[in-house]
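Asks: For reference, the structure I am asking about is given below.
Derivation of every value follows stated rules applied to the coordinates shown; laboratory data play no part. What you are looking at is a predicted structure, and each value in this text was computed from that prediction instead of being measured. Neighbour counts are summed over all protein chains in view; Cβ atoms, including those assigned to glycine, are modelled from backbone coordinates with ideal geometry.
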Amino acid sequence: MILTKVFPFLLWFQGYKRESFKHDLVAGITVALVLIPQSMAYAQLAGLPAYYGLYAAFLPPMIAALFGSSRQLGTGPVAVVSLMSAASLEPLATAGSPEFIAYSIILAMVVGIFQFSLGVLRLGMVVNFLSHPVINGFTNAAAIIIASSQFSKFFGVYVDKAPHHYETMIRVAQAAMDYTHIPTLLYGIGAVTIMMVLKKINPKIPAVLIAVFVTTLLSYYTGFKNDTKVDIAAIQDLGIAEKIQQFNAATARINDYGQERAATGKAVDKLRNELKKSGHTGPTVELVELEAKIATLTVLMNQAKEEAHLLREELRRMKFEAVKDGDTYTFYPKQNIPGGVVTDGATWRIKVKNSPLDLNELTLMGGGAVVGDIPQGLPEFKIPELTAKSFFKLLPTAIIISLLGFMEAIAIAKAMAAKTGQKIDANQELIGQGLANIFGSIGQSYSVSGSFPVLQ
């Protein structure tokens with residue numbers, strides 16, 4: 001009895017039949033295939049590179065299945081948790097940056113520790129005190145934000161996130177009116193149509209998987225992606241080099257200010273610990289100066305971010321047409337093509353992210369965006385660098401993610417258990433979810449939760 005409490009998966013083998021294995025095998029393969037594109041999409045929603053979704057879909061499902069109480073609940077990246085993770089970490093670091101990725105992994109560890117602690121202390125009943133109207137309101141609002149956040153991908157445009165979501169949507173609308181990549185829009189509409197039609201025909205059909213398969217094949221055979229790398233000299237625009245240099249300078253300043261602010265923050269923490277040990281209770285001149293320096297660096301950093309944003313927006317709005325001679329491209333501004341020059345007729349744009357641009361290897365996009373290369377092999381297994389400062393900084397967010405994520409997990413687990421007659425233990429499920437996040441963070445996963453992937 002004690003052994004099955006610690007290792008609940010041992011109960012699987014009681015009365016397990018060969019017929020059950022066949023059903024489990026089909027269900028496992030189906031869920032795994034759907035989880036691949038779904039997890040990559042949710043990782044991007046969390047502000048991470050797409051392949052981090054695959055890391056989140058690797059260890060956590062196995063650990064949660066072994067140590068949770070539900071035999072049907074799937075664990076992995078989910079929409080609400082991904083959205084909350086991105087929203088809570090954006091003030092701390094730029095989405096997609098190494099610092100942001102590190103924070104996301106540490107947040108998963110903190111979420112796991114909190115959930116595991118709740119389970120061990122038998123506090124699973126705490127979720128009963130969460131108001132259902134509040135949860136429904138939050139879930140519905142999250143669904144609206146999640147759906148609208150995909151509009152930029154539908155139109156094939158790129159915008160920076162604004163402080164408020166509606167401001168970001170205004171930026172998307174402005175970018176879409178300036179230029180919409182029609183093939184991308186058609187692919188998006190086609191994928192949604194496929195999923196809706198198949199769902200009406202038979203809800204059991206893996207509509208998401210089929211939509212992804214069909215659009216992937218089409219993109220591969222129609223040359224949907226059409227990128228090329230060129231030297232700045234290939235672009236016949238005298239002012240573009242200066243714009244790129246200004247953007248690179250602003251981006252470098254953001255990085256420099258960020259590093260200096262982080263180092264100053266560590267100096268503040270060190271000084272406070274020294275003052276505490278010496279019994280000093282009031283502020284000192286040195287402490288006030290350090291805190292004033294942090295405030296100044298924050299202002300300078302925000303100014304550099306705004307400058308980089310404006311320059312990035314200007315570069316993204318530039319459109320070119322190309323003349324190809326063998327493997328050599330020459331690009332002319334779309335509104336200023338010399339007479340007699342015959343171009344390919346396609347619209348090319350500069351690919352601009354948050355990092356500096358290489359003047360010797362600028363990426364120009366003549367087609368749509370794809371996920372791109374995925375790092376080969378397994379993720380690097382290492383324990384995240386969790387300090388007391390980062391733990392308490394992320395704990396408030398971790399508590400919210402833990403409770404809301406678990407509410408979704410336990411609701412779905414109970415719904416499935418009502419059909420199968422299985423008994424669900426909320427505390428054991430918390431332990432399973434907690435261990436999934438803890439071990440997942442060791443495998444480079446961000447925060448995950450229990451859900452039912454086929455139905456999402």
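Asks: Aspartates and glutamates within cross-link reach of LYS229: Cα-Cα under 14 Å, excluding same-chain residues under 8 positions apart?
Replies: Answer for LYS229, where 14 Å is the Cα cut-off: ASP327, ASP358, GLU361, listed by chain and number.
Asks: A follow-up question, please. Considering only DSSP states other than H, G, I, E and B, which trypsin sites (Lys or Arg not before Pro) in region 370-423 qualify as loop sites with at most 16 other Cβ atoms within 10 Å?
Replies: Answer in residue order: LYS382, LYS423.
Asks: Quick one: if you stick a label point 7 Å off each Cα along the C-beta vector at LEU186 and ASP325, how many nm between them?
Replies: 3.2
Asks: Let me ask something else about it. Give the residue from MET416, TYR51, PRO183 lying farthest towards the positive end of the charge dipole for the chain; charges sit on Cβ (+1 for Lys and Arg, -1 for Asp and Glu) and the dipole is referred to the Cα centre.
Replies: MET416
Asks: Using a simple charge model, +1 on the beta-carbon of Lys and Arg, -1 on the beta-carbon of Asp and Glu, nothing else, what dipole does the chain show about its Cα centre, in debye to the nearest 20?
Replies: That gives the chain a dipole magnitude of about 1660 debye.
Asks: OK, next. For the chain, return all DSSP H helices satisfying: extent of Cα atoms along own axis at least 30 Å; mean Kyte-Doolittle hydropathy at least 0.0.
Replies: Correct list, ordered by number: 18-45, 98-120, 388-420.
Asks: Further, regarding this structure: Can you give me the long-range amide H partners of ASP227? Hydrogens built in the peptide plane at 1.01 Å from N, cutoff under 5 Å, separation of 5 or more residues or another chain.
Replies: GLY366
Asks: Mind giving me the nanometre distance, one decimal, between the label points for LYS204 and ALA32, set 7 Å out from Cα along Cα→Cβ?
Replies: About 2.2 nm, to one decimal.
Asks: While we're on this one: Just need the relative contact order of the chain here, percent rounded to a whole number, with Cα pairs under 8 Å and 6+ apart.
Replies: Reported as a whole number, the value is 33 percent.
Asks: Now a separate question. Please give the FRET efficiency for ASP373 paired with SER278, using the beta carbon to beta carbon distance and R0 = 41 Å, rounded to the nearest 0.05.
Replies: 0.15
Asks: Would you mind ranking THR75, THR168 by Cβ crowding within 10 Å, fewest neighbours first?
Replies: THR168, THR75
Asks: Beyond a 19 Å Cα-Cα separation, which of these cross-linked pairs lie in this structure: LYS225/LYS351; LYS161/LYS393; LYS153/LYS204; LYS161/LYS351?
Replies: Distance filter (> 19 Å) returns LYS161/LYS393; LYS153/LYS204.
Asks: Of [x] -0.71, -1.15; [y] -0.54, -1.02; [z] -0.64, -1.10, which is the value of log10 I(q)/I(0) by the Debye sum over Cα atoms at q = 0.09, 0.12 Å⁻¹ derived from the coordinates here?
Replies: Label [x] holds the value from this structure.
Asks: To continue, here is another question. Sort 143-151, 107-115, 18-26, 361-369 by the packing proxy (mean of other Cβ within 10 Å over each peptide's residues), most packed first.
Replies: Ranked from most to least packed, the peptides come out as 107-115, 361-369, 143-151, 18-26.
Asks: I would also like to ask the following. With runs of 4+ DSSP H residues as the only contributors, calculate the mean residue ellipticity of the chain at 222 nm using -39,500 (n - 2.57) per run, divided by the residue total and rounded to the nearest 500.
Replies: The helix-only estimate for the chain comes to -20500 deg cm²/dmol at 222 nm.
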